[in-house]
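Every read-out reported here was derived from the displayed coordinates using simple, explicitly stated rules and does not represent laboratory data. Remember, predicted model here, so these are calculated numbers, not experimental data. FYI the Cβ positions are ideal-geometry reconstructions off the backbone, even for glycines, and counts take in every protein chain you see.
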Amino acid sequence: METLGILGPPGTHSEAAAIYLNEHGGKQRKLKEYAEIYEVLRAVERGEVDAALVPVENSLEGSVNITLDVLAQSDRLIVTQELIWPVRNLLMGKSSTAKIKRILSHPQPISQCREYLWRHYPDAETVKVASTARAAEMVEEAPEDSGWAAICTERGGRLHSLQVIAEGIQDNPHNCTRFFEVKRRERTNPIKNPQKVLIICQIDGAKAGSLYDVLGEFARRQVNMTRIESRPARTELGAYIFFLELETDIGEEIVAEAVEAVKNKSIWLKHLGAFSVLRAS
């Protein structure tokens, strides 16, 4: 059976998304947890796992920079699928009625639930930990009268015998996280009718209008760009690289033509994958 690397431990949003992908993505794979996103992606490079499912962007908190940075640095990794995962955060504790004094979670869920926490638990201390699953584990280990609670997934809380205090506590009901399925280039085959293309390039920042010229190649061909993200090139101060996501509904040949034109105007350009998009319900 193939393996799929994810951010662990069991009970994280990453695990929940991976279980959904196994059930709806057409292939069952054994899940293998890692402590950091960096480790998950490097495990794909080394061949320890066949693929990885890693978060790349949250609709409220923005990009997951470590995912973008590793994709930029690696010549072996390619994106093969996108999963849009609705984020449903719960507040869970040993008791559903105890006074809450401390709330633990990963930094992103804490930020995603900031308004709720301010309204309902203004005096509670918030503590940032490595993952939502780790938060649930720490609450389980705390004394009965500690007043600790975790923002976590329902599965994460149930794995540690916690009770639901409140459901759907995220400030925005439309909160979602985008995940990328990532594989090694030599282990992938082109998919039919991809919905998106992802490229990364570096342009000459010292030349006025360089970015305008690049974006114009897409605009002239009516290629819709769904996302642009800049990251430091890590070569010198002021040098940046750009991630560009493109829709392919105008036609793959037209998109390929635009990408080639952009390549000719870039210092370098790398194709990071053409892939389908799966939206979880």
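With a threshold of 23 Å on the Cα-Cα distance, the over-threshold entries among 94/128; 128/183; 27/192; 32/94; 207/263 are 128/183; 32/94.
Working note: Cα atoms of the range 196-274, range along each principal axis, descending, whole Å: 37, 23, 18. As a length-normalised measure over Cα pairs under 8 Å and 6 or more apart, the relative contact order of the chain settles at 23 percent. Selection among 170, 21, 93 by position relative to the dipole of the chain gives 21 as farthest towards the positive end (Cβ unit charges, Cα centre).
If you sort the three axes of the alpha carbon gyration tensor as a ≥ b ≥ c, you get a/c of 1.5 or more for the chain and a/b above b/c, which makes it prolate. Simple rule: put +1 on each Lys or Arg Cβ and -1 on each Asp or Glu Cβ in the chain, find the dipole, and look at 116, 9, 62; the Cα lying farthest toward the positive end is 9. At an R0 of 25 angstrom, the distance between the Cβ atoms of residue 96 and residue 23 translates into a FRET efficiency of 0.25.
Relative to the longest principal axis of the chain, what angle (0 to 90°, nearest 10) does the C-alpha long axis of helix 132-141 take? The two axes meet at around 20 degrees.
When only the Cβ of Lys, Arg, Asp and Glu is charged (+1, +1, -1, -1), the dipole of the range 90-166 relative to its Cα centre reaches about 180 debye.
Placing +1 on the Cβ of every Lys and Arg and -1 on the Cβ of every Asp and Glu, with no other charges, gives the range 1-158 a dipole of roughly 320 debye about its Cα centre. For the pair residue 226 and residue 120, the difference between a 0.36 nm per residue extended length and the Cα-Cα distance amounts to 34.5 nm. A straight Cα-to-Cα reach below 15 Å connects residue 30 with the aspartates and glutamates 2, 15, 48, 50, 181, residues fewer than 8 places away in its own chain not being considered.
Between helix 13-24 and the chain there is an angle of about 70 degrees, using the helix long axis and the longest principal axis of the Cα atoms. Note on the chain: dipole from Cβ charges, positive end direction compared against 266, 157, 189; the farthest Cα belongs to 189. Note on the chain: helix-only mean residue ellipticity at 222 nm, from DSSP H runs of 4+ residues weighted -39500 (n - 2.57) and normalised by residue number, equals -8500 deg cm²/dmol.
The distance linking the range 192-241 with the range 242-281 is 10 Å (Cα centroid to Cα centroid, whole angstrom).
About its Cα centre, the chain has a charge dipole of approximately 180 debye under the convention of +1 per Lys or Arg Cβ and -1 per Asp or Glu Cβ, with nothing else charged.
Among beta bridges from DSSP that stay inside the chain, the antiparallel ones total about 70%. In plain terms, the chain from residue 277 to residue 30 could stretch by 86.8 nm, reckoned as 0.36 nm per residue minus the Cα-Cα distance.
By the equivalent-ellipsoid construction on the alpha carbon gyration tensor, the range 90-166 comes out with semi-axes of 16, 14, 11 Å, ordered largest to smallest. Ranked by the mean number of other Cβ atoms within 10 Å per residue, highest first, peptides 240-249, 13-22 order as 13-22, 240-249. Size estimate for the range 1-79 follows the Kirkwood approach: the inverse of mean 1/r over distinct Cα pairs works out to 12.8 Å. For the chain, the longest principal axis of the Cα atoms and the long axis of helix 210-220 meet at an angle of about 80 degrees. Our estimate of slack between residue 164 and residue 144, defined as 0.36 nm per intervening residue step minus the Cα-Cα distance, is 5.7 nm.
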